[in-house]
Amino acid sequence: MKTQRKALVLSIVALAVCFAMLVGSTFAWFTDTVSSDGNIIKSGTLNIDLGIKKKGDNDYLSVKQDPTLAAFNYDKWEPGYTEWVNAKVYTTGNLALKYTLSFTAQGDVSDLAEVIDVYYKAEEVAMPADRDLSALTKLGTLAEVLSGDVTIDDTLIPGENEEDFATLALHMQEEAGNEYQNKAIGATFSLKILATQYTYEEDSWDDQYDKDAEWPITADITVSNDTELAAAIESLNNSEYVNRDTPLVIYLKPGEYTGSYTVEQYPTEADWSENATYGTGVADIATADFNNVKFISNGETIMKGTFTVNGSNRSQSGFDYLKTGKASVEIEGITFVGELQEGDIDTIVVTVTKGANDVTFTNCTFKDQTHIKVGSASAEHLGTVVFDGCTFDKAACLSGYVYDIQVKNSTGNIDSGHNKGFVNIQSAGAVTIDNCNITLGDENTHAAYIVRTTSGKDVTIVVKDSTFAGTADYRFNLRANGTNITITNSTFPEGLADTGAGLSSAVFN
């Protein structure tokens, strides 16, 4: 019995020792490790600068470091005077970029710019001992260059070509006479550079991921919806924004805008109530507070509401009176959309009224029977209204009371819904159609005319470098007495004739 107990105790002790040994031991597994160290995610830098070197400068001065640095800044220009400037476009970042350099005017450009020639070469040229400009190429007059048709485009790639050089010279023509004394070309003008990503760096696929990179948009106010746009337009009446020599730029982000917006060209000087008697507005438009504004978009902004530009509600009349005002409104890159429908119905999406002047639509699209109403009564003649580079897509007519309406560099087709035609001018004045390609409807719906005038109002019509197609009944419906027409280098559908008894003279070149 003792022997059994002793054996049991020894067994328990042995088992405890085994457990103790088991607890203190480790298992052996096959293992390995590897680490990818040094991973970096860091954005690149896209940075461009403009350097200016003029007579007396030892090196290029940075415009980014001194934004007030002007390439041309002299107030005693006279016939024969020439100014020579070297410029350098360069990057201090590490990303490839593409850029465009343009000449941009701030304010109206006077005829002084027509007698100043611009010379250029895409390299650094030392200023010659004499006034020989033969090493440079003449781009045209400063007026032509400031029109926006001349740009300089190139790329910069860090580590390969990080800088481009150019030489610019302005020369006042010796033939400029006394009529050009004491003039300025406008408020100011800029050498402006826009830069964006270039298809050079590669991702896991190729170098095309930034092929759609857009040029930067510089704006004073950016809006993205109806509420913000309404607030921005309301702010135009604040003293912070009126009386600007350069336009206040409002950028509309892509999207649909459906509100009703009204821009007052002279915000504090007129009675804008709906029932106000006409003629209670600006008595002295030359000294009134004024708005100078530009609305821009990248072409993807849709305006389905109404957009109105009100002028001075002037207490005087006449184009010369309107031209003394300083207000200006430009709308660029916005698509106005109406509603396609049957019958004598159009969608009025744009109204320019109350004696507005200097209103320009640039690169805009007018789609689906959009009726552009310029003026609403003979007493509310407008000044100049311009459509430049616009597209008409089943649009309705441009119709109303205006001293000077201009349509240029524009294309598209007209579907007014009730045969109104393209331009319906209801007042004395001028109509210019320049470098346009317009289709006047199709076999199902057609415009009845290209230009129609009203009775008792003399109109000057100029059509040049334009092509018209479609099934219109006639070119011009001339109901005004004393209408004068000049047609140059333009084509029309076969069989089109003119109608009405108002033709005074016609010149066909």
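Annotations
Here is a yes/no grid of residues against (1) closer than 17 Å to Ala71 by Cα; (2) of a type in the set (Asp, Glu):
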{"site": "Glu179", "(1), (2)": "no, yes"}
{"site": "Ile193", "(1), (2)": "yes, no"}
{"site": "Thr196", "(1), (2)": "no, no"}
{"site": "Asp206", "(1), (2)": "no, yes"}
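- Thr384 vs. criteria under 24 Å from the mean Cα position of the chain (by Cα) and either at pLDDT below 80 or among the hydroxyl-bearing types (Ser, Thr, Tyr) (or both): yes
- Screening region 487-509 for residues that are among the β-branched types (Val, Ile, Thr) and either open to solvent by 30 Å² or more (accessible area, probe 1.4 Å) or assigned to a loop (DSSP other than H, G, I, E, B) (or both) and picking the one that is modelled with the lowest pLDDT gives Val507.
- Applying the set (1) touching a helix residue (DSSP H, G or I) at 6+ places or on another chain (Cβ under 7 Å); (2) at pLDDT 90 or above to Ala105 leaves exactly one unmet item: (2).
- Test: residue in region 132-146 that is hydroxyl-bearing (Ser, Thr, Tyr), surrounded by fewer than 14 Cβ atoms within 10 Å (Cβ to Cβ) and assigned to a loop (DSSP other than H, G, I, E, B): yes
- Of everything listed in (1) open to solvent by 100 Å² or more (accessible area, probe 1.4 Å); (2) modelled with pLDDT of 75 or more; (3) closer than 30 Å to Glu174 by Cβ, the single unmet condition for Asn86 is (1).
- Pair list, Cβ under 6 Å, 6 or more apart: region 227-254 residue closer than 16 Å to Gly305 by Cα, other residue at pLDDT below 85 and of a type outside the set (Ser, Thr, Tyr): Pro254/Glu300
- Top-ranked residue in region 121-131 [being open to solvent by 40 Å² or more (accessible area, probe 1.4 Å) and of a type in the set (A, V, I, L, M, F, W, C); ranked as nearest to Asp164 (Cα to Cα)]: Ala122
- Region 214-246: number of residues that are touching a Gly at 6+ places or on another chain (Cβ under 9 Å) and either modelled with pLDDT under 90 or in a loop (DSSP other than H, G, I, E, B) (or both): 4
- Residues of region 89-120 satisfying the condition of being small (Gly, Ala, Ser) and either open to solvent by 20 Å² or more (accessible area, probe 1.4 Å) or touching a strand residue (DSSP E or B) at 6+ places or on another chain (Cβ under 6 Å) (or both): Ala96, Ser102, Ala105, Gly107, Ser110
- Of residues in region 455-471 being hydroxyl-bearing (Ser, Thr, Tyr) and closer than 15 Å to Ile485 by Cα, the one modelled with the highest pLDDT: Ser466
- Tallying residues that are outside any loop (DSSP other than H, G, I, E, B) and in contact with a Pro (Cβ under 7 Å, 6 or more places away or on another chain) within region 470-486 yields 1.
- Close Cβ contacts (under 8 Å, 6 or more residues apart or on different chains) running from residues in region 69-93 that are within 21 Å of Asp132 (Cα to Cα) to residues that are part of a strand (DSSP E or B) and among the charged types (D, E, K, R) comprise Phe72/Glu83; Tyr74/Glu83; Val85/Lys53; Asn86/Lys53; Ala87/Lys53.
- Looking only at residues of region 167-202 that are open to solvent by 70 Å² or more (accessible area, probe 1.4 Å) and among the acidic types (Asp, Glu), we find that the one that is farthest from Gly51 (Cα to Cα) is Glu179.
- Condition met for Lys323 (at pLDDT 85 or above and surrounded by fewer than 18 Cβ atoms within 10 Å (Cβ to Cβ)): yes
- Enumeration of residues in region 247-257 that are crowded, with 19+ Cβ neighbours inside 10 Å and at pLDDT below 90: Leu248
- Of all the residues in region 291-304, those that are at pLDDT below 90 and open to solvent by 10 Å² or more (accessible area, probe 1.4 Å) number 6.
- Taking region 27-57 as the range and being in contact (Cβ under 8 Å) with a residue 24 or more places away in the chain, closer than 30 Å to Leu168 by Cβ and not acidic (Asp, Glu) as the test, the residues that pass are Thr45, Leu46, Asn47, Ile48, Leu50, Gly51, Ile52, Lys53, Lys54, Lys55.
- The residues listed here are Ser273, Ser317; of these, the one that is closer than 16 Å to Gly383 by Cα and either modelled with pLDDT of 80 or more or more than 23 Å from the chain's Cα centre (by Cα) (or both) is Ser317.
- Selection over region 190-210 of residues that are part of a loop (DSSP other than H, G, I, E, B) and within 13 Å of Leu156 (Cα to Cα) gives a count of 4.
- Residue pairs meeting the criteria (Cβ under 7 Å; at least 6 apart or on separate chains; first over 23 Å from Asp153 (Cα atoms), in region 108-133; second open to solvent by 70 Å² or more (accessible area, probe 1.4 Å) and among the basic types (Lys, Arg)): Ser110/Lys183; Leu112/Lys183; Met127/Lys55
The values are calculated or read from the model by the stated rules, or taken from the named source; none is laboratory data. None of these values were measured; they are calculated from a predicted model. Positions of Cβ are backbone-derived with ideal geometry, glycine not excepted, and every protein chain shown enters the neighbour counts. Heavy atoms of the whole protein, side chains included, go into the accessibility calculation; ligands, DNA and RNA do not. Shrake-Rupley method; radii C 1.70, N 1.55, O 1.52, S 1.80 Å.
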